[in-house]
Amino acid sequence: MRSTRTIDISTGLFVLLGFAAILFMVTQITNRGYSLKSDSYRLTASFENIGGLKTGAPVSMAGVTIGRVEDIQYDMKLYKAIVTMRISDKYRAIPNDSDASIYTAGLLGGQYIGLTPGGSDVPYKDGEQVIMANDAIVLESLISKYLFNSAATKPGASTPAPAPAAQE
Amino acid sequence: MNNQSGPAAASAPAVQSPSIAVLRDVHFDVDSGKTVFSGLDIEIRRGAITAIMGPSGTGKTTLLKLITGQVCADHGQVVVDGLDVARLNRKQMYAMRRRMGMLFQNGALLTDLDVFENVAFPLREHTRLPERLIRTIVLTKLHAVGLRGAAELFPQQLSGGMGRRVALARAIVMDPEILIYDEPFAGLDPISMGVVLRLIRSLNSALGITSIVVTHDVREISQIADSSFILAEGKVVASGTTAELRDHPSPIVHQFVDGLADGPVPFHYPAPEYHAQLLGGKVFA
Amino acid sequence: MITILREFVQSFLTFLERVGLLVRFALRLAVILPSGLLRPRPIIEQVYNTGAMSLVIIMTCGLFIGMVLGLQGYDLLTRFGSEEYLGTATAISLLRELGPVVTALLFAGRAGTALAAELGLMRATDQIAAMEIMAVDPMRRVVLPRFLGGVIAMPLLVSIFIVVALFGAQLVGVEFFGVDSGSYWSQMRSAVELSDIREGLVKGLVFGVACSLIAVYEGYNAMPTAEGVGRATTRTVVISAVVTLILDYILTASML
């Protein structure tokens, strides 16, 4: 039988440790705690198809992460996906004719938005929409395009393309 | 021993009947189908020491469970202090049990509490007495069983006899009206036995507590019992004072009181004929 | 043939009876729950007994599970040239599955058996009967705090297990194999959703309820003999493990 004091202290320590672990999980391994809200600005872009893009995906320029995807909505009037990005204030001076594309990291990796700088002297302002948005490259449509094209040119000799595993 | 204004200030019923517990025509079977009681009649007088005796396996402990409401009779009635035990709900049952104390065969002390806290346990659970008063009451009760000095020990550190005395202190801490002893002498050395015997008698005479003692130690209990019941085969086979039992005509009472190996309770467990089984070579018929 | 059928029906009825008894037991606990919460002292003691006392084994196992995940994950991911996803793979598998399930199994083995043995011994040494006679409800005084202690401790243990395992995987992946530390954590961050954490914690809570309930039920209803106590602890581990895995499937299916 241990004294109540020892029990109280150990229990307190244990509970504290548990909550610290929960806090660590919530802030350190999700994109929640990684907040850019205080010193950042917003850009939007509309895509025909965003593929597998998710909120929290990185926004990068030349491979450097400069922000994250904050929100993805579907616009019922334009029939397009509206993606809202949070860009860090450090990268204020992005030319306002830069375009956004959705890329895939590696063959099967997650998707991210890459910004390619334009030549304008005027930077994007907070809340502005990116002029040019290139859609995600969807593997299946690429394959089928290739298949149908080759089938149209050489009937009867369709090459069975080695279909890579579908995403997810 | 002082009958101080304890927490369980007993609210005696207006009309005190002379018997505090009555069992009428009780039948009881255990789950496996074995019959324990078939028509048991027992009446326990208020303020007396009543001994319940009988060979092992005659359901003495079951009888205690019936009186304390831990099990219910299949048939018949168990009335304790005017209340039909079978008809009580949980709350009433607990109210009834607060007026009882029970000494278990092995003490049944709570192993995670020390001696002091074990005795204080019912007080802490049922009352909101200030710590100073609890201390006074517990030390008084421990003093009564002669173990005031052992207050800080844990149950594992106590000998069998000491554990039983602590359990007794715990059983009387709420100043019960009925004290039930389950085999209080089993496994004790002669000195501890003498101590327990003295305690049962002094508690009964000083506090007027009704005592029910279940035992098979005939010699010890006959020194203090006011009346005795002998159980066998699911019934009471004999009842009366110690002297009356000694001269009882029934052979089974004679066998039990004098401790004979063979008699109506046979030495041999029922078996097929001895020679036939030895020669036949088949063990199980 | 008839006998086999009859035996089957018989054992099925016994099974149903046991389930019914367990449900009744759980309902009784639920009824006295509010009054039990009024007395935090015994609950704190049980959080200590089940939680703090399991900490060492949980952290040790967490570290090694994490290191194994680091090894296996690295080996698998390098085949696709995507070892920077090691963090993501470890985090997701730990949060959703391994964390709650392995913790529950360890919990059943460490705290569950201790609870069952303790209650079984209390039953065998008449301590529970003594409480009944002293007009103290053992369900309220003994069973409920132990149950609640387990329920409170479990999600905390799961969280600690997961975090320790993440560092274990980082140790192997980053320190031994040279996966970039930045990409280990940042890929994890970009892939892990808050709902993954919620799934882990919900599973931890549900497993905590199930394992604690089974442990206190088996202990409380143990046969009052040495053999009965032994059997209660064995049953606790076996039933807890099976129920945990079944519940895991149900929860996973309902949360995907």
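Checked across segment C:210-230, the condition of being within 10 Å of chain A (Cβ to nearest Cβ), among the hydrophobic types (A, V, I, L, M, F, W, C), in contact (Cβ under 8 Å) with a residue 40 or more places away in the chain and surrounded by fewer than 24 Cβ atoms within 10 Å (Cβ to Cβ) holds for no residue. Flag not set for A:ASN149, criterion: of a type outside the set (A, V, I, L, M, F, W, C), closer than 30 Å to C:ALA89 by Cβ and modelled with pLDDT under 85.
Against the definition (among the β-branched types (Val, Ile, Thr) and touching a residue at least 40 places away in the same chain (Cβ under 8 Å)), how does B:THR58 come out, yes or no? Considered against the rule, which asks whether it is among the β-branched types (Val, Ile, Thr) and touching a residue at least 40 places away in the same chain (Cβ under 8 Å), B:THR58 comes out as yes. Scanning segment B:111-161 for residues that are under 24 Å from the mean Cα position of the chain (by Cα), among the β-branched types (Val, Ile, Thr) and within 13 Å of chain C (Cβ to nearest Cβ) yields a count of 2. Look at segment A:119-144: where a residue is modelled with pLDDT of 80 or more and a partner is of a type in the set (Lys, Arg), sitting 6+ places away or on another chain with Cβ atoms under 7 Å, you get A:PRO123/A:ARG92; A:ASP126/A:ARG42; A:GLY127/A:ARG42. All conditions but one from (1) touching a helix residue (DSSP H, G or I) at 6+ places or on another chain (Cβ under 6 Å); (2) under 24 Å from B:ALA21 (Cα atoms); (3) among the β-branched types (Val, Ile, Thr) apply to B:VAL85; the one that does not is (1).
How many of the residues in segment A:46-70 are surrounded by 12 or more Cβ atoms within 10 Å (Cβ to Cβ) and within 14 Å of chain C (Cβ to nearest Cβ)? Show your work before the answer.
Taking segment A:46-70 first, the residues surrounded by 12 or more Cβ atoms within 10 Å (Cβ to Cβ) are A:46-61, A:65-70.
If we keep only those that are within 14 Å of chain C (Cβ to nearest Cβ) as well, we get A:52-60, A:65-70.
Residues flagged as surrounded by 12 or more Cβ atoms within 10 Å (Cβ to Cβ) and within 14 Å of chain C (Cβ to nearest Cβ) within segment A:46-70 amount to 15.
Per the listing C:GLY62, C:GLY73, C:GLY112, C:GLY51, the residue uniquely closer than 13 Å to C:ALA169 by Cα and within 17 Å of the chain's Cα centre (by Cα) is C:GLY62.
Of the helices (runs of 4 or more DSSP H) contained entirely in segment B:171-285, those carrying at least 3 residues that are surrounded by 15 or more Cβ atoms within 10 Å (Cβ to Cβ) fall at B:190-207, B:218-222, B:251-258.
The values are calculated or read from the model by the stated rules, or taken from the named source; none is laboratory data. All values derive from a computational prediction rather than experimental measurement. Positions of Cβ are generated from backbone atoms using ideal geometry, with glycine treated the same way; all protein chains shown enter the neighbour counts.
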